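*Asks:* Just dropping this structure here.
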Amino acid sequence: MNDLRLEAGLCDLNGRHDLYGFIHKGLRKAQAEMLVRLGNEDMVTEGGRRTLNDLRRLLALAALHIKHEETFVHPHMEDAGLLERQHDHHRTTFQRLENLIRGIEGAPSALVPAHARRLYLAFGHYVAQDLLHMYEEETVAQPHLWAAMTDAQIGAVEGAIMNSVSPDNMAAFMEMIMPALTPAERAAVLAVEVQG
Ligand SMILES: [Fe+2]
């Protein structure tokens with residue numbers, strides 16, 4: 001993706017329903033913070049081990065999110081091939097990251113820093129790819145959805161996704177999303193929750 005593509009891709013909501021906006025804000029914030037933690041924590045310590053488990057949980061939610069897109073959103077797209085290839089790549093990366101986590105957990109203390117550096121670099125690479133992937137979804141895929149569907153139809157897709165999520169996972173998604181939103185966006189989410 002070059003800069004020209006970036007310029008051309010920027011588009012306003014113009015009042016349309018932003019299917020990707022909130023969850024992607026949550027993922028961007030959670031992944032950026034996780035990258036910092038992987039860079040500044042000592043993985044031999046209790047706190048470092050907790051970070052590895054938090055990373056596992058984050059990757060599980062990211063995997064669930066791309067499954068939601070494939071199950072509920074992609075059937076409404078004329079051609080979701082590129083996005084699904086990117087998702088396949090993400091899934092391979094999730095497995096690689098899990099292997100790197102296990103590498104840290106199984107390493108003698110003296111070798112932990114070298115393993116931790118591998119995980120830090122690999123996770124940074126994943127975050128970079130996911131940022132571009134989410135940009136593609138919000139600036140290329142979403143305008144296609146707006147052209148093909150009404151906001152009520154897009155809202156129904158969003159409702160179907162939310163109904164499919166277990167209470168535990170919904171709590172985890174909300175914990176990820178809410179601090180990433182503007183005050184007005186948080187108020188809008190709470191209003192929907194209260195109505196629901
Ligand atoms: Fe996606």
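*Asks:* Give the residue from Leu52, Ala191, His125 lying farthest towards the positive end of the charge dipole for the chain; charges sit on Cβ (+1 for Lys and Arg, -1 for Asp and Glu) and the dipole is referred to the Cα centre.
*Replies:* Checking the options against the dipole of the chain, the answer is Leu52.
*Asks:* Rounded to the nearest 20 debye, what is the charge dipole size of segment 18-195 about its Cα centre when +1 sits on each Lys and Arg Cβ and -1 on each Asp and Glu Cβ?
*Replies:* The calculated dipole for segment 18-195 is roughly 780 debye.
*Asks:* How many percent of the alpha carbon pairs in the chain exceed a separation of 32 Å?
*Replies:* Value for the chain (Cα pairs over 32 Å): 21 percent.
*Asks:* Among His115, Leu100, His90, which residue has its Cα positioned farthest towards the positive end of the charge dipole of segment 80-121, with +1 placed on the Cβ of Lys and Arg, -1 on the Cβ of Asp and Glu, and the dipole taken about the Cα centre?
*Replies:* So the residue we want is His115.
Bear in mind these aren't lab numbers, they're just calculated from the coordinates by the rules spelled out. Predicted model, so just to flag it, every value in this text is computed and none were measured. Counting neighbours? That spans all protein chains shown, and the Cβs are built from the backbone with ideal geometry, glycine included.
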